[in-house]
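Here's the structure we're looking at; comments come further down.
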Amino acid sequence: MNHLICRQRTDNQTHSKIINELVDKITESGGKYTLTGNWVSAINYMTIEHYDALWLDWVVVKRESEYFFKEILKIKSVPPIVLLHGETIIPNLFFRLCSMLFAVIQKTNLPQKIDPLFKKLTKYNTLLGDLPADVRKELKPNGFGPFIGNSIPMFDLYQMITKVSTTDLNVLITGDTGTGKELVARMIHSLSDRKNERFISINCAAIPENLLESELFGYEKGAFTDATKTKLGKFELGDKGTVFLDEIGDMQLNLQIKLLRVLEDHKIERLGGTEEKQVDIRLLAATNQDIESLIEQKKFRSDLHYRLNVIPIEICSLVKREDDVILLIFHFLGQLIKKSPEMVKSVDWNLINRLAMIHYSGNVRELENILIRIIFQSENPKLVDKTIRNIMLENERIEEKVEQNNGIIPLWQVEKQAIKRVLMQLNGNISKSSEILEISRASLYRKIKKYKLE
């Protein structure tokens, strides 16, 4: 790989050592590099030569950042930018680079991050080369299409989306709440041969059981009391296109049988009708439930599962995508600043680091909501660490209220308290604590982080 390093010329030994480690890593990997201490020369280099990565020290551009942004936007192909930042406060200008950012790293953390970064850059460039020309434009340094994230699990997801979009096979998308299951379905549709036809999304959990059947299959005039005219169902409306059934695990058994028929024969019959109609649909389904468990409980048909689960796609939760949290924070802040530049003037790195350590049970959706709350609850547009501390204290008060609800303590609180007590009694000894709790050290570390017991 060919790297461009735009770094500050300084006598600071720590900074020089960090850059030297980066250069050594590039050399060891068989790559090439160009060093410059001026952003203007960096722009010139990028206009005449291809680079796989730009390692940019913010100090070099911060005083003339407005000019830098204007010039870099003129370049046809900007390489992924690894932004090195050594100051405590991040100005809002920083967030204008969002779509070009591959990573944002505090300089002192770079030595520990070099190996994972090189692994990700290699994966990014391989994926970029493998993608069809018309899909390549969807891959950005900070994500793919509507997705933000360039962790290894997300690269694997992008590759799977691209591959499956060229087929007409049924897909079952699984993942926790807030991970973006519908985004995956929409992306598959937008890259498929059906992209010019309808994409119809139905949340099976949001529609009452007695209405879901008529929503899916439609009905004839007079089929029931309020059926004053014929209505087409979603399967008919989605003919030649894609139908996405979200929360498929909540579908009742009687409807599962009818859905199975659609998948087998591609035929539907409206409620109150006598004529079967042929439909040509691509079916995508999603759930945050454990389908195997539902099958054991006789709540989901195994034959329907086999039909739906031709190509399984699992989306990782944010717990397994730690590298993506900071990119998501910068993306959301960038969107807010774009709409209202006065909303955020600067952000404290301590706030970013603390946000990156939270366990988001609601995943991307929860992260975005917390960030919006921080902005609107802050006393001024300079976001500092105390803002999130106030919100976390508020969350703890909410937890206490839940704990007192009819004397019933949620299971996760029981687990949290058990871990907390053992750690306190053993002065934080992980080995002994994991032995007493009868879980592995790795599991204990994950739960300590999840419940913020560090």
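No lab work stands behind these numbers, since they all come straight from the coordinates. Because the structure is predicted, anything quoted here is derived from the model rather than measured. Don't worry about glycine lacking a Cβ; one is built from the backbone with ideal geometry, like all the others, and counts go over all protein chains shown.
The local environment of Lys25, defined by Cβ-Cβ distances under 12 Å, has a net charge of -2 under the rule Lys, Arg +1 and Asp, Glu -1. Shown here: segment 206-339, whose C-alpha atoms stretch 56, 43, 27 Å along the first, second and third principal axes, sorted largest to smallest.
Taken about its Cα centre, segment 68-114 carries a charge dipole of roughly 160 debye when the Cβ of each Lys and Arg holds +1 and the Cβ of each Asp and Glu holds -1. Taking other residues whose beta carbon is less than 10 angstrom from the beta carbon of Leu35, and scoring Lys, Arg as +1 and Asp, Glu as -1, yields +2. Measuring nothing but how far apart in sequence close Cα pairs (under 8 Å, 6+ apart) lie, relative to its length, the chain scores a relative contact order of 14 percent.
Mind running the shape call on segment 117-240? Use the C-alpha gyration tensor, a ≥ b ≥ c as the square roots of the eigenvalues: rounded below 1.5 for a/c, prolate if a/b tops b/c, oblate otherwise. Because a/c hits 1.5 or more and a/b exceeds b/c, segment 117-240 counts as prolate. Rg/Rh for segment 83-145 (Cα atoms only, Rh after Kirkwood) is 1.04.
Seen against the Cα atoms of the chain and their longest principal axis, helix 322-339 is set at about 90 degrees. Here r is the Cβ-Cβ distance between Asp385 and Ser340 and R0 is 22 Å; the resulting FRET efficiency, rounded to 0.05, is 0.45.
Suppose we keep just the DSSP beta bridges with both residues in the chain; what percent of those would be antiparallel, to 5? Just about 20 percent of them are antiparallel. The length gained by stretching the chain between Gln13 and Ala227 to full extension, at 0.36 nm per residue less their Cα-Cα distance, is 69.1 nm. Placing +1 on each Lys and Arg Cβ and -1 on each Asp and Glu Cβ, with no other charges, gives segment 234-337 a dipole about its Cα centre of roughly 240 debye. For Thr47, the shell of other residues with beta-carbons less than 15 Å away shows a net charge of +1, using +1 for Lys and Arg and -1 for Asp and Glu. Within segment 152-314, DSSP assigns beta bridges of which about 20% are antiparallel (rounded to the nearest 5).
For segment 426-454 versus segment 239-299, the inter-centroid distance based on Cα atoms is 43 Å. Put simply, segment 2-134 fits an ellipsoid with semi-axes of 21, 19, 14 Å; these come from the alpha carbon gyration tensor as the roots of five times its eigenvalues, largest first. Report the residues of segment 137-181 in range of a label on Ile311: point 7 Å along Cα→C-beta, backbone N strictly under 14 Å from it. Taking a point 7 Å out along Cα→Cβ of Ile311, the residues of segment 137-181 whose backbone N falls under 14 Å are 157-174. An oblate overall shape is assigned to segment 45-91, the ratio a/c of its alpha-carbon gyration tensor axes (a ≥ b ≥ c) being 1.5 or greater and a/b not exceeding b/c.
Neighbour counts of other Cβ atoms within 10 Å put Thr228, Thr174, Thr47, Thr287 in the fewest-to-most order Thr228, Thr47, Thr174, Thr287. I want to make sure I understand the PRE zone here: with the label point 7 angstrom from the Cα of Thr166 toward its beta carbon, which residues in segment 194-235 have backbone N atoms less than 19 Å away? In segment 194-235, the label zone of Thr166 (backbone N under 19 Å from the point 7 Å along Cα→Cβ) covers 194-196. Calculated FRET efficiency, Glu87 and Glu64, Cβ-Cβ r, R0 22 Å, to nearest 0.05? In this case the efficiency is close to 0.85. Ordering Cys98, Cys6 by the number of other Cβ atoms within 10 Å of each residue's own Cβ, fewest first, gives Cys98, Cys6. With the helix formula -39500 (n - 2.57) applied to DSSP H stretches of n ≥ 4, the chain reaches a computed 222 nm mean residue ellipticity of -15000 deg cm²/dmol.
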